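Taking it in order: structure first as C-alpha cells, then the write-up.
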Amino acid sequence: MNDRLILVLDEGTTSTRAMLYAPDGGRLGVAQAEITQYYPQPGWVEHDAIEIWNRTLDCARRMVEQAGGPDRIAAIGITNQRETVVAWDRRTGAPLARAIVWQDRRTADHCTALREAGHEATVQRRTGLVIDPYFSATKMRWLLDHEPALRAAGASLAFGTMESWLVWKLTGGLHISDASNASRTQLMALAGEGWDAELCDLFGVPRQALPEISDNAGPFGETLAEWFGLPIPIRGLAGDQQAATIGQACLTPGDAKATLGTGAFILANRGGVVPVSHNRLLGTLLYRLSGERVYALEGSVFVAGSLIQWLRDQLGLIASAEETEALARSVPDNGGVMMLPALAGLGAPHWRPDATGVISGLTQGTGRAHIVRAALESLSHQLCDLAGAFAADGAGWRMLRIDGGMSANDWIAQDLADMLDLAVDRPADVETTAKGAAMLAAVGCGLHPSLERAAAAMGTVMTRFTPAMAVGRRTERLARWDALIARQLAG
C-alpha cells in the first residue's frame, strides 16, 4: 500500500490542476489547464462548470497515466476555490447557469438590505461570517431569482460549491460538501451539525437542494470506472484555504499561514473553540475529523495575485509575473506612488464591496517600476491591517508561514517580514493547498493515522525571512497607507 500515490485535484480560480503525491509528501507530477473567466458586467465574475469538469478530468487522466494506471492511486483528495456556486439538475447532471465565482459582487445590494434589516449580528454570531457578496448564500438566491431554469428544475435542483460539483461528476451522483466548504456558505452554523434552517430561510435557499455535509477525510465514494478505467476512492475534501493551513502544518492553536494566490487569505488555528471576532475578521471551520471540529480565525484580501495579472493583461506594464521582483528591486522606493488595489472591493477588516482601486502620487518621474513596486507593497500594507485586527482579537501572529504563487517572490517575502516586523517562513514546496488535500486523503485512506503524523511525514524545509527595515521607514509607509485608505473610504 505504501508505494501507492495520492492524486490531488486542485480546482482554482484561474486554473485547474491534478497533482501526484507520494506518501512522504514528494510531488511527482502536475497537469494544469487554464479556466476561462467571464465578466458579463462590471463586478460580475462567472465560470463554465462543464469546462471546469472537462479540464479537471483531462488533467486527472494525465496524472493517472503518469502514475502507471488507476491501480497505482490509493485515493483522491480534492481542494477548491471556496464560495463559488454551481447549480445543476440532478436528473441530467447538467449545469443550469454559469457558476458565480467568489469574487463576484452582483449581490451587494441584497447584502446591504440584509444588513440594514439588522441581520448581520445574528449571521456573524452563528456563522462567523459578515454579510458580504463574497459568500455563497446570496449567490444561490440570485440564481433562483434570475435564472428561470433553476425554478423549472424544482425538486431536481442541486446547489453546491466546486468540490460538490466535482464529486457529483466523478461519482455519478453523490451530493456532498465537506464541513470546511459548507462553513463558507453562510448556511451552516459553526456550532451546528448540518444546514441551519433559520439561515436557509433568511437567505431564501431551499435546504433540499443542498448537499449532505461530511467530514474532511473519510469515504466519499468512488469514481465511476469509465473515467479512469477502474474506480478510485475519494478520501479527502477541503476548501483551498483550509487545505493550505493543513498543508502548512498549522495544527496547533496559534499557528498562522497566509496563502498569496489570486487573493490573500490568512488563517490562524484557534483549536476547538468557536472563534468570535470583534474586529471584522471571520470565524471559519478549519477541519472536521470523526465529527470533531477545529476552528480558525480568517482575514481575506480579495486582490493579490490578480493584481499582478491586471498589471500584465489590462495595463501591459509587465509581460510576466516573474518580472515584478526585478522591477521592484530596480528602484530604491516607490517614488511616492501608493496603490489601493480594491479591484473587487475591500475585504477584511474593512468589508467595503463598493470600494474601488486608486493609484496616487503619480508624477512625470514615475516609471513602471514604481507602479509595480507600489502594487507589491500594497500586499504588505493590507496584511498589516489584518495583523492589527488579529492581535486585537487576541490572536496575534507569533510568526507567519506563507505559500501560494506570489510567495515564490523573495522581494515580497522580505517586504512582508519587514512591514509585519515578524519572521516569515516559506516552505520549499509552496503548493501547500494541494499538499493539505493530499494529507487529508492520506489520512482518509489509512496511509497515515492522523494529520499530525501526515504533517511529520510529508513536510518540507522552510526558508525564513527576518525583519530588516528601519522603524521610521515602516512607520512612514503605514502612515501613508492609512491616509490613502481613509480618503478612499470617506469618499
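The values are calculated or read from the model by the stated rules, or taken from the named source; none is laboratory data. Owing to the predicted nature of the structure, the values given are computational and were not obtained by experimental measurement. Because the Cβ atoms are built from the backbone with ideal geometry, glycine has one as well, and the counts that use them run over all protein chains shown.
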Check your understanding: Which of the residues belonging to region 433-473 are among the hydrophobic types (A, V, I, L, M, F, W, C), assigned to a helix (DSSP H, G or I) and in contact with a Lys or Arg (Cβ under 9 Å, 6 or more places away or on another chain)?
Key -> Ala434, Ala438, Leu440, Ala441, Ala442, Val443, Met458
Review point. Does Ser290 satisfy being surrounded by fewer than 23 Cβ atoms within 10 Å (Cβ to Cβ), at pLDDT below 95 and either of a type outside the set (Val, Ile, Thr) or closer than 20 Å to Ser407 by Cβ (or both)?
Key: yes
Check your understanding: How many residues are out of contact with any strand residue (DSSP E or B) (no Cβ under 7 Å at 6 or more places or on another chain), within 30 Å of Ala243 (Cα to Cα) and in contact (Cβ under 8 Å) with a residue 60 or more places away in the chain if we restrict to region 457-480?
Key -> 3
Exercise for review: Kindly indicate which of Ala296, Ala268, Ala319 is assigned to a loop (DSSP other than H, G, I, E, B) and modelled with pLDDT of 90 or more.
Suggested key: Ala319
Exercise for review: Pick out the one residue from Pro253, Pro219 that is without any contact (Cβ under 8 Å) to a residue 40 or more places away in the chain and not in a helix (DSSP H, G or I).
Suggested key: Pro253
Exercise for review: Take Leu129 and decide whether it is assigned to a loop (DSSP other than H, G, I, E, B), more than 24 Å from Thr36 (Cβ to Cβ) and not hydroxyl-bearing (Ser, Thr, Tyr).
Suggested key: yes
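Residue-wise test of (1) assigned by TED's automatic domain parsing to the domain that holds Thr138; (2) closer than 13 Å to Lys139 by Cβ; (3) not hydroxyl-bearing (Ser, Thr, Tyr).
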{"position": "Leu57", "(1), (2), (3)": "yes, no, yes"}
{"position": "Arg61", "(1), (2), (3)": "yes, no, yes"}
{"position": "Gly68", "(1), (2), (3)": "yes, no, yes"}
{"position": "Asp71", "(1), (2), (3)": "yes, no, yes"}
{"position": "Gly77", "(1), (2), (3)": "yes, no, yes"}
{"position": "Asn80", "(1), (2), (3)": "yes, no, yes"}
{"position": "Asp89", "(1), (2), (3)": "yes, no, yes"}
{"position": "Thr92", "(1), (2), (3)": "yes, no, no"}
{"position": "Ile100", "(1), (2), (3)": "yes, yes, yes"}
Exercise for review: State whether the residues of region 370-379 include one that is within 30 Å of Glu120 (Cα to Cα), in the same structural domain as Ala258 (by TED's automatic domain parsing) and within 21 Å of the chain's Cα centre (by Cα).
Suggested key: yes
Point to revise | Verdict on Arg55 being surrounded by 17 or more Cβ atoms within 10 Å (Cβ to Cβ), without any contact (Cβ under 8 Å) to a residue 40 or more places away in the chain and at negative phi | key: yes
Practice item. Would you check which residues across region 13-27 are under 25 Å from Asp313 (Cβ atoms), out of contact with any helix residue (DSSP H, G or I) (no Cβ under 7 Å at 6 or more places or on another chain) and touching a residue at least 24 places away in the same chain (Cβ under 8 Å) and list them? Key: Thr13, Thr14
Exercise for review: Kindly check whether there is at least one residue in region 109-125 that is under 18 Å from Ile52 (Cβ atoms), assigned by TED's automatic domain parsing to the domain that holds Thr13 and not in a loop (DSSP other than H, G, I, E, B).
Suggested key: no
Review point. If only one of Arg90, Arg62 is basic (Lys, Arg) and either in contact (Cβ under 8 Å) with a residue 60 or more places away in the chain or crowded, with 22+ Cβ neighbours inside 10 Å (or both), which one is it?
Key: Arg90
Practice item. Go through Ala189, Ala117 for me and flag whichever is without any contact (Cβ under 8 Å) to a residue 60 or more places away in the chain and surrounded by fewer than 22 Cβ atoms within 10 Å (Cβ to Cβ). Key: Ala117
Check your understanding: Checking Val303 against (1) crowded, with 24+ Cβ neighbours inside 10 Å; (2) not in a loop (DSSP other than H, G, I, E, B), which test does it fail?
Key -> (2)
Check your understanding: With region 354-432 as the region, which strands (runs of 3 or more DSSP E) entirely inside it contain at least 3 residues that are crowded, with 16+ Cβ neighbours inside 10 Å?
Key -> 400-403, 424-427
Exercise for review: Scan region 257-275 for residues that are within 24 Å of Asp215 (Cβ to Cβ) and in contact (Cβ under 8 Å) with a residue 40 or more places away in the chain and jot them down.
Suggested key: Lys257, Thr259, Ala268, Arg270, Val274, Pro275
Practice item. Take the residues in region 38-47 that are of a type outside the set (A, V, I, L, M, F, W, C) and surrounded by 16 or more Cβ atoms within 10 Å (Cβ to Cβ), then tell me which one is nearest to Thr223 (Cα to Cα). Key: His47
